[in-house]
Structures are given as structure tokens and as C-alpha cells.
Amino acid sequence: MESRAPFRIMNRTVNRGLKAILRSRAHRLASGRVALITYTCRRSGRDYTIPVFYRDKGDEVSIAVGWPERKVWWRNLTGEGEAVRLLVAGEELRGHAVAKREPGHDALVRVRVESRA
């Protein structure tokens, strides 16, 4: 496995800026393709919020996880999955997310939307 250092640097710089933009009135600059997902880490019980590329299909939001072997966040949503919150185009959504990965493919997180604020 290669170093995760580039992702850690990006998480501490670029992702912070994206989170600020997506939570502001200027969210339209990025919210057409980028959303925020908040999930709970299985190991620590801590909530984490990260920006992700998404596709909104109404009752389902799908998130493709590129380089899944280098990222660990989506693994918290494998198996039965768990409840998550999303901020999509300025709108808060709540739903149940399940992540799956087939060998040789990117991971895919599907969020069944349960409520839109």
C-alpha cells in the first residue's frame, strides 16, 4: 500500500476550504457535484464530515469512491451500513448508507434518502 500522506495533506487543506464553501451561501460554486457526508467512525464513535462527489437520484444519492484502497472512510458503511447526514446543494438530507466494492472496481456508497430538510 502506498503512503496516505498526499490524502492527509489534501484533507487538511483542500477539504477544509470545500467544507466552508459548501456550508455557505456560496455553495453553488461547488454543490452541483460535491456534497458533504457526515458518518460515524465504527472504531472511535466520532463523527466525521468530508466532501464527496455525488449523484442525486431523488430517493437515492450515490457516491463513487475513487482509489478505495487508499481511503478508509467508506469502510465504516460496509455490511449493514449506517445512518448518515448529507449536505447536497445546500439542503440537509438524512438517510441510510451502504458501501460495497467488487474486486477491480471503485467502491460505491448508496444512500437511501429518508428525509430532506
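The values are calculated or read from the model by the stated rules, or taken from the named source; none is laboratory data. Note that the structure is predicted; figures quoted are calculated from it, not measured. Cβ coordinates were reconstructed from backbone atoms using ideal geometry, including for glycine residues, and neighbour counts include every protein chain displayed. Surface accessibility is based on the protein's heavy atoms, side chains included, excluding ligands, DNA and RNA. Shrake-Rupley method; radii C 1.70, N 1.55, O 1.52, S 1.80 Å.
Please return the longest range in the chain lying between exposed loop sites, taking GluC sites (Glu not before Pro), DSSP loop only, at most 16 other beta-carbon atoms within 10 Å, and leaving the sites out.
Longest stretch, sites excluded: 3-68.
What dipole magnitude, in Debye to the nearest 20, does the chain give about its Cα centre under +1 on Lys/Arg Cβ and -1 on Asp/Glu Cβ?
460
Tell me the label-point distance for the pair Arg16, Arg116, using the 7 Å Cα-to-Cβ offset, in nm and rounded to one decimal.
3.4
With every protein chain left in place and a probe of 1.4 Å, what is the accessible surface of Ser24, to the nearest 10 Å²?
Spelled out: Ser24, probe radius 1.4 Å, area about 40 Å².
Given the Cα-Cα distance of Arg46 and Lys71 and 0.36 nm per residue of separation, how much length would full extension add, in nm?
7.3 nm
Please sort by residue number the trypsin sites (Lys or Arg not before Pro) in region 41-70 whose DSSP state is loop and whose Cβ has at most 15 other Cβ atoms within 10 Å.
Within region 41-70, the qualifying trypsin sites (Lys or Arg not before Pro) (loop, at most 15 other Cβ atoms within 10 Å) are Arg42, Arg43, Arg46, Lys57, Arg70.
Is the shape of the chain best called rounded, prolate or oblate, per the rule: a/c under 1.5 gives rounded, else a/b larger than b/c gives prolate, else oblate, with a ≥ b ≥ c the square roots of the Cα gyration tensor eigenvalues?
oblate
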